[in-house]
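I have placed the structure first, in the form of structure tokens, so that the comments after it can refer back to it.
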Amino acid sequence: MTDSITRFQQALAGVERILLTTHVNPDGDAVGGTLAMRALLELAGKTAEIIMSDEVPEKYRFLVDRPPHLIAEGTLESVVAAGRFEMVVFVDASERSRVGSVLDSLGDWCVEGAIEVNIDHHLSNDRFGDIAIVDPERASAAEVVFDIGLQMGLGITPSIATQLYAGVLTDTGRFQYSNTTIEALAAASRLVEAGADPALIADRIYAQRPLMFYRLLGRLLAHLEIHHEGRTALMYLSGELIDEIYPEGGMDTEGIVDYTVQIAGVEVGAFVRQVGPDRFRASLRSHGRVNVREIAEALAGGGHDSAAGCSLEGESSEVRERLLAEIAGKLP
Ligand code: 5GP
Ligand code: MN
């Protein structure tokens with residue numbers, strides 16, 4: 001880590017314009033880590049812009065000091081007209097393809113041979129890029145960004161501390177998952193020292209959810225399925241239910257999967273939601289005895305040992321059967 005940060009620092013000396021991006025459906029760590037990395041690069045005197053595939057979810061907008069550019073927006077032309085990027089920084093993406101449609105245009109936005117930097121904490125990270133600053137021991141990408149800021153001697157402003165704290169908080173499931181290490185708590189503590197307000201951040205992220213979120217949660221809990229003699233819990237969200245509860249879009253399902261694995265006796269919790277005709281996303285959580293990353297990888301996804309995900313294609317009952325069979329094969 002220290003060596004790769006040094007190499008990053010050396011590479012930075014030779015570039016001016018830097019593009020940052022993160023994974024599709026950004027979570028708190030993706031949003032907080034990417035915004036903080038941009039702020040740090042600006043403190044280092046660089047021009048830095050974020051372009052991402054999906055919008056910042058409502059509950060993380062309080063972290064946004066300057067809005068990132070969205071691939072779907074028409075404002076990208078002016079960003080690129082100002083000059084091509086000489087470096088691309090990927091934050092919280094275990095593989096290049098996780099950043100979605102941003103990947104298709106990198107060639108148009110960047111100079112040839114632009115340096116690719118991979119800042120992440122996923123065990124499944126394939127170390128893509130010219131410089132990989134990847135630490136699977138870290139609970140969040142935000143902690144890796146924090147390490148970079150500290151090693152480079154850049155000041156951690158209260159705004160950066162808030163963005164990074166949000167990443168640590170959300171990726172440890174409010175300091176509840178097994179990745180809640182001494183290091184994660186120490187980073188959180190130092191971020192509070194630097195100006196992050198734990199109660200305010202937790203309130204914004206967890207205590208200001210729209211009523212519709214709880215209506216949806218109620219429906220999903222009422223239809224929760226228990227399989228494999230109580231060891232697997234599965235929640236299924238159909239396209240029809242999404243349309244009924246969120247007719248205007250803007251659905252937010254982050255955290256719903258946690259309920260599946262908070263049931264006594266359940267080893268694996270799965271949340272499957274429809275994202276298109278015959279297309280689904282699955283989120284998987286484990287109590288720690290079953291490695292859900294391996295289950296997700298068997299289905300072309302990835303993630304962490306206790307929290308992973310994948311995309312699935314096919315008819316809804318067939319997709320669920322495939323997932324349940326994969327889980328069954330890994331149960332103790
Ligand atoms: P979530 O269930 O919250 O969407 O994702 C849990 C974890 O698995 C996150 O660390 C996320 O980055 C990872 N993950 C989710 N879906 C995928 C996927 O399709 N591919 C890969 N490589 N990782 C995923
Ligand atoms: Mn993360």
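The values are calculated or read from the model by the stated rules, or taken from the named source; none is laboratory data. A quick note: this is a predicted structure, and the numbers were derived from the prediction, not measured. Cβ: placed from backbone, ideal geometry, glycine included. Neighbour counts: every protein chain shown.
Of the residues that make up the range 285-294, is at least one near ligand 1 (Cβ under 10 Å from one of its atoms), without any contact (Cβ under 8 Å) to a residue 40 or more places away in the chain and within 18 Å of Tyr236 (Cβ to Cβ)? Scanning the range 285-294 turns up at least one residue that is near ligand 1 (Cβ under 10 Å from one of its atoms), without any contact (Cβ under 8 Å) to a residue 40 or more places away in the chain and within 18 Å of Tyr236 (Cβ to Cβ).
Taking the criterion of being touching a residue at least 24 places away in the same chain (Cβ under 8 Å) and either touching a strand residue (DSSP E or B) at 6+ places or on another chain (Cβ under 7 Å) or closer than 21 Å to Ala132 by Cβ (or both), the residues of the range 107-117 that qualify are Trp109, Cys110, Val111, Ala114, Ile115, Glu116, Val117. Scan the range 1-41 for residues that are crowded, with 23+ Cβ neighbours inside 10 Å, among the hydroxyl-bearing types (Ser, Thr, Tyr) and in contact with a helix residue (DSSP H, G or I) (Cβ under 8 Å, 6 or more places away or on another chain) and the total you get is 2.
Flag: Gly100 matches the condition of being in contact (Cβ under 8 Å) with a residue 24 or more places away in the chain and not assigned by TED's automatic domain parsing to the domain that holds Gly255. On the stretch given as the range 240-275, residues that are small (Gly, Ala, Ser), at negative phi and within 23 Å of the chain's Cα centre (by Cα) total 2. Counting only residues that are modelled with pLDDT of 95 or more and more than 12 Å from ligand 2 (Cβ to nearest atom), which one in the range 123-139 is surrounded by the most Cβ atoms within 10 Å (Cβ to Cβ)? Per the criteria, the residue is Ile133.
Of the residues making up the range 46-102, those that are in a helix (DSSP H, G or I) and buried (at least 20 other Cβ atoms within 10 Å of the Cβ) number 6.
Here Tyr165 passes the criteria (1) within 16 Å of ligand 1 (Cβ to nearest atom); (2) touching a residue at least 60 places away in the same chain (Cβ under 8 Å) except the one numbered (1). Of the helices (runs of 4 or more DSSP H) lying entirely inside the range 225-313, those carrying at least 1 residues that are surrounded by 14 or more Cβ atoms within 10 Å (Cβ to Cβ) and within 16 Å of ligand 2 (Cβ to nearest atom) are 256-260, 292-298.
Say whether the condition of being within 15 Å of ligand 1 (Cβ to nearest atom), part of a helix (DSSP H, G or I), in contact (Cβ under 8 Å) with a residue 40 or more places away in the chain and closer than 20 Å to Val89 by Cβ is met by at least one residue in the range 121-133. No: zero hits.
Scanning the range 15-38 for residues being away from ligand 1 (no atom under 16 Å from the Cβ) and touching a strand residue (DSSP E or B) at 6+ places or on another chain (Cβ under 8 Å) gives a total of 9.
Identify the residue in the range 140-169 that is closer than 22 Å to Phe62 by Cα and not in a helix (DSSP H, G or I) and, among all such residues, is nearest to ligand 2 (Cβ to nearest atom). That would be Ser140.
For the range 146-166, the criterion of being under 18 Å from the mean Cα position of the chain (by Cα), of a type outside the set (Asp, Glu) and within 22 Å of Asp305 (Cβ to Cβ) is met by no residue. Quick check, is Arg219 in the same structural domain as Arg322 (by TED's automatic domain parsing) and not in a helix (DSSP H, G or I)? No; evaluated as a whole, the condition is false for this residue.
Looking at this structure, is Ile201 crowded, with 18+ Cβ neighbours inside 10 Å, hydrophobic (A, V, I, L, M, F, W, C) and closer than 17 Å to Glu42 by Cβ? It is false that Ile201 is crowded, with 18+ Cβ neighbours inside 10 Å, hydrophobic (A, V, I, L, M, F, W, C) and closer than 17 Å to Glu42 by Cβ. Only residues that are away from ligand 1 (no atom under 12 Å from the Cβ) and at positive phi were counted in the range 168-180, giving 2. Mind listing whichever residues of the range 207-224 are of a type in the set (Phe, Trp, Tyr) and surrounded by 15 or more Cβ atoms within 10 Å (Cβ to Cβ)? Matches in the range 207-224: Phe213 only.
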